[in-house]
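This report concerns only the one structure given below.
The values are calculated or read from the model by the stated rules, or taken from the named source; none is laboratory data. As the structure is a computational prediction, the values presented were derived from the model and not from experiment. Please note: Cβ atoms are built from the backbone with ideal geometry, for glycine as well, and neighbour counts cover all protein chains shown. Remember, those area values only see protein heavy atoms, side chains included, never the ligands or the DNA or RNA. Shrake-Rupley method; radii C 1.70, N 1.55, O 1.52, S 1.80 Å.
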Amino acid sequence: MNTPDHYAVFGHPINHSKSPRIHRLFAEQTQQNISYDAQDIPPESFKNAIKSFFSSGGKGLNCTVPLKELAWQQADSLSERAQLSKAVNTLALQGNGSILGDNTDGLGLVADLTINHSITLSNSRILILGAGGASRGIIAPLMEKLPKELVIANRTVDKAITLGIEFSQVGDITGCSYEETKNKQFDLIINATSASLTGDLPPLADNLLAPNGCCYDLAYGNLPTAFVKWGLSHGAEKSLDGLGMLVEQAAEAFYIWRGIRPETRKIIDLLNSER
Ligand code: NDP
């Protein structure tokens, strides 16, 4: 058998990542000869780590917390969606040796919300918590679904306001503090902070979720995250974590690398059955 093509996910921390398992399942399903591992790369080592990965024969990388904005700076060229989001979760070696940066997070989230969970985005009031790399990737694809309102709240308020201004080309987006969301209600609240990774929760008002509203945490784990629990205890019709998004964004990355789109439903079901 030929040597497998090498792929990896870089992040810090990375031991929680299910990406290696997902890509190995994709490879098995589509009969692709690849290897995929997870590497703990702190931001200060990221530039050198990318160089050494690709110069030693690596074909593609996923980048996760807190590296997506750095990955955007390091790519030689960018897809349109990566250009807009200024965050990259997928790097792909091109035929001419250059590195293409892309962002599949938004597509993954929208597919999981709308196809896997039948959540309606058009005409709904959406609140995104957090203004980091993940938020950057999901804003434009959510706006394409024509919500009634999109608000971004962040601990560092300036970052939320900047995102609202930066993305004004895709529609009217408000950036604000958590305090300013207090007297509002939303049909969908998306947690794109990394607070769940440490079991924390942003400060959320008790009446923030509209009746029949849904909660979605981009983070995922074997147990419900703090935000998924918050949704359940605040009357959410659905309170979901980001496992489905993870599989959907990974499928798009796999397609960019291999030209084959894996079937995601079976893999999501399998991973859910293992929790
Ligand atoms: P970043 O490090 O770029 O951004 C982190 C964000 O979280 C910032 O807005 C930060 O606020 C906020 N934050 C961190 N801790 C807290 C806290 N205790 N209270 C309130 N806000 C906090 O991370 P990413 O954007 O790349 O990732 C965010 C999350 O999304 C992670 O959990 C990641 O695992 C998940 N994710 C999941 C995906 C999936 O496929 N399911 C895909 C992409 C991401 P501040 O600006 O004030 O520091």
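Overview of values
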{"item": "Of all accessible heavy-atom area on the chain, the percent that carbon and sulfur account for (1.4 Å)", "result": "48"}
{"item": "Whole-number percent relative contact order across the chain, with pairs defined as alpha carbons under 8 Å at least 6 apart", "result": "15"}
{"item": "Surface per residue (accessible, 1.4 Å probe) for the chain, Å²", "result": "46"}
{"item": "Long-range HN-HN contacts of Gly58 with modeled amide H, under 5 Å", "result": "none"}
{"item": "Residue-span extension gain [Leu232 to Gln39] - 0.36 nm each, minus C-alpha spacing", "result": "66.1 nm"}
{"item": "Segment Ile165-Tyr255, length gained on full extension (0.36 nm per residue, minus Cα span)", "result": "29.2 nm"}
{"item": "Estimated Rh, the chain: Kirkwood, alpha-carbon pairs, angstrom", "result": "18.9"}
{"item": "Cα gyration tensor category, rounded, prolate or oblate, for region 106-241 with a/c compared to 1.5", "result": "rounded"}
{"item": "For the chain, with +1 on Lys and Arg beta carbons and -1 on Asp and Glu, the positive-most of Leu109, Ile41, Thr198 along the dipole", "result": "Ile41"}
{"item": "With Cα atoms, 0 to 90° folded angle of helix 46-55 axis to the chain main axis", "result": "40"}
{"item": "Between region 132-162 and region 1-53, the Cα center-to-center distance that results, in Å", "result": "28"}
